[in-house]
1. Does A:ASP325 satisfy the criteria of being of a type in the set (Asp, Glu), assigned by the TED database to the domain that holds A:ARG457, in a helix (DSSP H, G or I) and more than 25 Å from A:ASN455 (Cα to Cα)?
2. Which one is surrounded by the fewest Cβ atoms within 10 Å (Cβ to Cβ) among residues in the range A:592-622 that are touching a residue at least 12 places away in the same chain (Cβ under 8 Å) and small (Gly, Ala, Ser)?
3. For the range A:472-491, name all the residues that are of a type in the set (D, E, K, R) and under 17 Å from A:ILE652 (Cβ atoms).
4. Name every residue in the range A:511-522 that is open to solvent by less than 10 Å² (accessible area, probe 1.4 Å) and in contact with a Leu (Cβ under 7 Å, 6 or more places away or on another chain), in order of residue number.
5. Can you tell me which residues in the range A:168-202 are at the interface with another protein chain (Cβ under 7 Å from one of its Cβ atoms), touching a helix residue (DSSP H, G or I) at 6+ places or on another chain (Cβ under 8 Å) and under 17 Å from B:LEU384 (Cβ atoms)?
6. Could you list all residues from the range B:217-270 that are open to solvent by less than 20 Å² (accessible area, probe 1.4 Å), assigned to a helix (DSSP H, G or I), within 18 Å of B:PHE52 (Cα to Cα) and out of contact with any His (no Cβ under 8 Å at 6 or more places or on another chain)?
7. Mind checking whether some residue in the range A:425-432 is open to solvent by less than 10 Å² (accessible area, probe 1.4 Å) and within 13 Å of another protein chain (Cβ to nearest Cβ)?
8. Only helices (runs of 4 or more DSSP H) wholly contained in the range B:434-534 count here; list those with 2 or more residues that are within 20 Å of A:PRO478 (Cβ to Cβ).
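The values are calculated or read from the model by the stated rules, or taken from the named source; none is laboratory data. For clarity, every value in this text was computed on a predicted model and none was experimentally measured. Cβ placement follows ideal geometry from the backbone for every residue including glycine, while neighbour counts extend to all protein chains displayed. For the accessible areas, the whole protein counts, side chains as well, though only heavy atoms, and no ligand, DNA or RNA atoms are used. Shrake-Rupley method; radii C 1.70, N 1.55, O 1.52, S 1.80 Å.
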There are 2 protein chains.
Amino acid sequence: MTDTTATAPVDVRTMANAVRFLAIDAVQKANSGHPGMPMGMADVATVLFTRFAKVDPTSPRWPDRDRFVLSAGHGSMLLYGLSYLLGYADTDIEQLQNFRQLGAKTAGHPEYGHVDFAETTTGPLGQGIANAVGMALAERMMAARFGDDVVDHYTWCIAGDGCLMEGISQEVISFAGHQKLGKLVVLWDDNRICIDGDTSKATSDDQMKRFEASQWHVQAVDGHDPEAVAAALEKAKADPRPSLIACRTVIGFGSPSLAGSEKTHGAPLGEAEIAATREALNWPHAPFEVPEDVLTAWRAAGTRGTEARRAWEAKMQAEPADKRDAFFDFVAGKLPLGWERGLDDYKKKCAEEQPKVATRKASQQCLEHIVPALPQIVGGSADLTHSNLTITKQMSAVEPGHYAGNYIHWGIREHGMGAMMNGIALHGGFIPYGGTFLVFTDYLRPALRMGAIMNQRVIYVGTHDSIGLGEDGPTHQPVEHLASLRAMPNVLVLRPCDPIETAECWQIALHTDDAPSVLALSRQNLPTVRQYTAENLSARGAYVLSEPEDGGRDVTLIATGSEVQLALTAQVMLANVGVKAAVVSMPCWELFDQQPTDYRNQVLGKGVLRVAVEAASTFGWEKYVGLEGAVVGMRQFGASGPAEELYEFFDITAKSVADVVLTRLKR
Amino acid sequence: MTDTTATAPVDVRTMANAVRFLAIDAVQKANSGHPGMPMGMADVATVLFTRFAKVDPTSPRWPDRDRFVLSAGHGSMLLYGLSYLLGYADTDIEQLQNFRQLGAKTAGHPEYGHVDFAETTTGPLGQGIANAVGMALAERMMAARFGDDVVDHYTWCIAGDGCLMEGISQEVISFAGHQKLGKLVVLWDDNRICIDGDTSKATSDDQMKRFEASQWHVQAVDGHDPEAVAAALEKAKADPRPSLIACRTVIGFGSPSLAGSEKTHGAPLGEAEIAATREALNWPHAPFEVPEDVLTAWRAAGTRGTEARRAWEAKMQAEPADKRDAFFDFVAGKLPLGWERGLDDYKKKCAEEQPKVATRKASQQCLEHIVPALPQIVGGSADLTHSNLTITKQMSAVEPGHYAGNYIHWGIREHGMGAMMNGIALHGGFIPYGGTFLVFTDYLRPALRMGAIMNQRVIYVGTHDSIGLGEDGPTHQPVEHLASLRAMPNVLVLRPCDPIETAECWQIALHTDDAPSVLALSRQNLPTVRQYTAENLSARGAYVLSEPEDGGRDVTLIATGSEVQLALTAQVMLANVGVKAAVVSMPCWELFDQQPTDYRNQVLGKGVLRVAVEAASTFGWEKYVGLEGAVVGMRQFGASGPAEELYEFFDITAKSVADVVLTRLKR
């Protein structure tokens, strides 16, 4: 890579001032936003993007580009300003002028899918640095598969005090240090200011020591000294450990009255102060005006990446066609033809043998077919491998310095796991999954939400999905979790009732490339209740599993997962007293809600009494059963005791389902 | 405190073996549980409770007792064993024999309110250490108010690798170090084993260095050398910083084949291995049998605390009666007579002046009345003080070494904030509140759940409660949060519509001493729509805010918070076309659901079309509107743009409410 700035006529500070004033003026025009951080980090970002980062504005998604994550997402104008200056076509000056306006690509926080330069959506603090760790891991895992000549890029992350105070940062700093992710560089905006004022109001942490404790390479520099920053970046690249560079900066740098104050963090500077800042920084240009020499210098910096991309493409052309095709198929997330064959056989076998098996175990049996068929799969567990049953015989661990494996020991770090999986998915190439107890999806919820917002294929394996967990008690028994996950937009919550539905749910999760999925799986054994069908019935969200014997229908019993067997038993009990019940298995609300009205009416039974049963909060079920129907479920937290006793204690039994039906029918 | 073990005839190892075998045998009998940790930490715990911890089994809730938190809650048999051995009356041998059985006090994980010795419910990793930090802060804050002669106790916490890997631990370690909580001692069970095997599979952290980076005093000892542990505890007490003692232990200590293996973590050892362990540790006694001399030695240790408590009581008797009464009233959480007077005046003033004000601002105005009236109040924000508006003119910061203040800078640590607030509430005396954006309640959800399970009065101030947040965009706009919070048992979700309801909601939250509350407050200004009433109408959960002008009712419009004004406008629009609409304000679902059926029918209108409007996920509203009704709300994530445009864009307007009503009525 040639250092083009060395011969450029425009100095770093002037180039950085272009970034500063785009931020200042866009925030002022929007009358909303965060100017302080872009003003403080403009010098660092200028060094990074004119001399180090390998990105090509003319081919934003080129696979071997460096990844840049603005973890401190409130400083979004830094990213948009850079995007415009470097020459990304989708970020023109009108976009900057429409910062934070409805419909603009330049949203308040950087959003994945809006501007090409945003590799991830950031804003909720700590998420970005975790994404960056996931991306850096994906880079190494991909290099281990396709070679360092094909995959060789850095992940650069700008993080603020907020990111480092959030607990999730510790989880991923620890993970990155352990895994020796040497091509990850975090530039910490060490401005010592948070929203409430000086960071010393809330923390006395020695961040350098903290990162060292997690086996990082650490350096501290004056963030307004370009050569010092450049030297630190060189050293960071050379070190085999992940690197932290503490960049001592002044928030709102250049503002005569407000620099160094939290007042620059989240509000426009105001016309008078902006004028004074123009004066102070010798930037006489009108808002949104970048002088031609400055823009030219920036665009020249942008072409560095174009050259790198062309060289890489030439190298790829020289590769054997099959290797090249394999790489590009992988990057595109293409699932190999026929990958579902093993699962299909598994379903047939289960239909034949009718095993009694926990759906977490069935999930592992599915993975035994999926993992060898899909090279993209990388999975793991947050230290519950043999409870979540997330590992298969063929999997080997991803280890520090050795990334050819496909099993990831996430550690006891659910939140980090979720956000690192987002990073892996965003990087491209891999389909990540992660296991924990369903109840602990609460720990990773903010990351799941980001995956949903960003339409990422990330799969959560949530086992021990009800009071069926038993003795571990209420702290470990999910109650409200199905409802709270279903309430989140763009997440598929899949709760299969037997091994055949489990295979179907895995197929759905793997085919759904625009949303995260959560598999809710039982600890306890469940009977196989499904016949084999060529069609994936779970993909309809719900279907009639069992019609009453001689047609007609007095009641529809709707159940999910481990309670489908209860509905089937209740159906028999009711038949014995002359009541005709259909049993509907409903593994996925979200998919069912997408079905045509006719199908939904046919399944639920129009005008017929509906009773739902699920060993979870009843919250939300009125959507299907209405005010006339009933729900057999949980209305409080669980308790510690053997699972079967708990079902009795909380009155979630076939008999209580049948009783509720009879009571309602008598009304 | 006299060192009674010095003269005791039973050595520490033998006393520790009593703990070990109670754990081994109880887990075996339950055929479920975690023996490895109690076996590993028995020596440390024996030193702690025979020579250091100041607890009185005959008066378990004595205010100046030391607090003990078993953060590694899966090792619950350590706690139950100690409880029995020390002589707590509620933990008899039958309780140990019924470990993990339905209805027993000895639940799978220690549960607050079950056995007296459990100061908090633990199990979800990282929560306990955070509770401990909260307790240690409460101790200092209480000492600052009543004197170190009256309040002077330690907080001891046993934490495992899991607790230290969870991100929340970093948040609270950082907080405790910053606040110089010198009377907090964490005993880390450094056994280098997690569930998946050796911790080196997932982490390379230097924990000592990490704690040092957060300004802790750190020591490492052999956890099986009682004198070394005792010496470390002495040093920890003497140091003004919070202390970490890394206790190098062997998980499953004493088991000839399984010691040091993750196999002892979460499963019974099995009869054969138990017999071998009895042999190895020279413990020939039958299951649940503790030889008299050993039990006597333990009970003698228990009396240490009884003596301390008596001495403290004598000291309190010598205090002036008014100081004594003030202290005990405070500890009991008694709200002073007449504390609501200021709020009542505020409501009258608002009814008269009809201000247009954001409910977050109204909340601050309420706090201006509440804080001076309730000395128990301590509050703060997760670094969003001037957005959440959680501070008042009279409040001063709690600062390192100076704890007389009542405003806590929680830092950018939502999860830690929630769990520390649980600890403060559990400690007794204080009513904590904490602010963040409502969307970031996702970050603290696991702590909120613990507060709900433990029936703790902890108040969350969740501002910017909808797309009304505006430009910050979808990552900052709550959509599913109201639903997901309402789905959680034992949480009051309060969404007031104007300043008068805001005052009512604060009153509800403060009176509710057995559940956490979440206040959902608007960023944007809202008109005052309520009249003054002596009765707290919000306490009914919902009520008819506005009847149609000339009686009768064609439709009930149900709204919460910022959308109540839309319902009122829709009511007028509908009246103009001859449709009679009643408007129901429903600030709290949970309270409404507790009302008598008659009241609920009267409010909602039996058999009448019902339409709900809320700028949040529609999820769950069918409970009130049924299958025939409609919900105007969000069905996707939000977007970045000015708030008013977003309401139009997502079609949450008075006109769309009126249109939906007209469409439904025409059906």
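1. No.
2. That would be A:GLY605.
3. A:GLU480
4. Once the filter is applied, which keeps residues that are open to solvent by less than 10 Å² (accessible area, probe 1.4 Å) and in contact with a Leu (Cβ under 7 Å, 6 or more places away or on another chain), the range A:511-522 yields A:ALA515, A:PRO516, A:SER517, A:VAL518, A:LEU519, A:ALA520.
5. Scanning the range A:168-202 gives A:CYS194, A:ILE195, A:ASP196, A:ALA202.
6. The answer is B:VAL229, B:ALA230, B:ALA232, B:LEU233.
7. The answer is no; no qualifying residue exists.
8. Passing ranges, in order: B:441-453, B:481-486.
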